[in-house]
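Here is the structure we will look at, set down as structure tokens.
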Amino acid sequence: MTIRTGSCLCGARAYEIDGDLDGVWVCHCSLCRKASGSVGNAILIVPLDRFRWVKGADHGVTFALPSGYPVTRCRTCGTPLPAETDETNVYVTAGTLDVPLGKGVRTHLFCASRADWDRDEADVRYFEARSTGGGVS
Ligand SMILES: [Zn+2]
Ligand SMILES: [Zn+2]
């Protein structure tokens, strides 16, 4: 069985996921855009019995907001790490995976709320890496 690993930016928190997943869900709602500071949250929905912390399980801090939308981040580096759960699943922030998923985006949610800048302009530029280099992959 495939085991995939993930971690936060500073490495204080790390997790493993057993088995293959269907793909990524991207939520474009206004809360996810604010919480991520980006286009929204890219999420993997993982059954609880296939997810486990291998490091730093207690190293998160959860902000309970008036909206009822909880935000959990690494206590040291602030990376939004999996964390929100329901009775059956944990919602894993896809960007924290350390290895390929083998699947792409399967579902976009709240597309009507999508930021108007969340699209490519006709003259968009693509770079394989940033021009100054520096150990980032
Ligand atoms: Zn961290
Ligand atoms: Zn959302």
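A short reminder: the numbers here are calculations on the coordinates, not readings from a lab. Since the structure is predicted, the reported quantities are computational estimates derived from the model, not experimental observations. We place every Cβ from the backbone using ideal geometry, glycine too, and count neighbours over all the protein chains shown.
What is the local net charge at GLY102, summed over the other residues whose Cβ is closer than 12 Å to its Cβ (Lys, Arg +1; Asp, Glu -1)?
Every neighbour counted, the sum reads 0.
Give, rounded to the nearest 20 debye, the magnitude of the charge dipole that the chain has about its Cα centre when Lys and Arg contribute +1 at Cβ and Asp and Glu contribute -1 at Cβ.
Result for the chain is approximately 340 debye, rounded to the nearest 20.
Return the Rg/Rh value of the chain, two decimal places, where both radii are evaluated on C-alpha atoms and Rh is the Kirkwood radius.
0.97
If you add up the charges near THR79, with Lys and Arg at +1 and Asp and Glu at -1, over every other residue whose beta carbon is less than 11 angstrom from its beta carbon, what do you get?
+3
Work out the charge dipole of the range 8-137 with +1 on the Cβ of Lys and Arg and -1 on the Cβ of Asp and Glu about the Cα centre, then indicate which of GLY104, HIS59, VAL124 is farthest towards its positive end.
Working it through, the farthest residue towards the positive pole turns out to be HIS59.
What does the charge count near VAL24 come to, summing +1 for each Lys or Arg and -1 for each Asp or Glu among other residues with Cβ under 11 Å from its Cβ?
Numbers: positive: LYS103, ARG106; negative: ASP22.
Around VAL24, the charge tally is +1.
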